[in-house]
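Readers should treat all values here as calculations from the given coordinates under stated rules, not as data from a laboratory. All values reported here derive from a predicted model rather than from experimental measurement. Neighbour counts run over all protein chains shown; Cβ positions are idealised from the backbone, glycine included.
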Amino acid sequence: MKRTTSLAIALAAVAVIAAPAAAQTPKKGGILQFASVAEPPTTDCHGTTTFAMIHPVVPQYSTLLKAIGPHDKTKIVGDLAESWEVSPDGLTFTFKMRQGVKWHDGSPFSSADIKATYERIVNPPEGVVSSRKAVHQDIKEITAPDANTVVFKLKQPNASMILHFASPFNCVYNAALLAKDPTYPSKQVMGTLVGDAVRGLLGQGQTLS
């Protein structure tokens, strides 16, 4: 009798716990509210390493590649890059850009924006802070042979380079705006519109060996 009563109580407890979960039918849309314990010191992704940048600023931008996370950082997918190749000697990285991507102001995105962004990271102009200059020091040359292609040449092989290209802090900036004012990202946030279909490519990445 005692055993039967205990079993009944256990089943009732499971039912009570499961009921709210069953009642919560997922729905699309709405507003997600969360609290952040810090604020970014700037809106320039290249100039800081604080996690406070990840929540309010980083989602506004695209990157060349992106890591599928948060726990597995070894699976990489393209964001602005549609595909990429690494030369057998590990010294040349060639990226093909997605076509039809627009900036928030409606202007077209091109490989020139990737080139300008990474030149800013590798060789920051006066008045610009690059917190990731050191990890990109192996980049020797960046070229954009056409509007959809960007080529990185390294001084020496770097097995971590793909992960660096996927850093969420490597926000891609508009080349035309950088030419006018290299410090504009600290005053204005303007990213690219890649599209939900592209951003939903989870599980289709390239796994690092």
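A convex hull fitted to the Cα coordinates of region 23-122 yields 192 cubic angstrom per residue. Protection proxy ranking of 110-122, 179-191, by the mean of other Cβ atoms within 10 Å over each peptide's residues and highest first, is 110-122, 179-191. A straight line joining the Cα centroids of region 33-111 and region 124-146 runs 15 Å. When each of the peptides 144-157, 164-177, 43-56 is scored by the mean number of other C-beta atoms lying within 10 Å of its residues, the order from highest to lowest reads 164-177, 43-56, 144-157. Within region 63-178, the ratio Rg/Rh, alpha carbon atoms throughout and Rh by Kirkwood, equals 0.94. Measuring between alpha carbons in the structure, the pairs from 27/102; 27/187; 133/187 lying more than 31 angstrom apart are 27/187.
Extending 7 Å from the Cα toward the beta-carbon at both residue 180 and residue 134 defines two label points whose distance is 3.5 nm.
What's the FRET efficiency of residue 188 with residue 51 using the Cβ-Cβ distance as r and R₀ = 25 Å, to the nearest 0.05? Once rounded, the FRET efficiency stands at 0.65.
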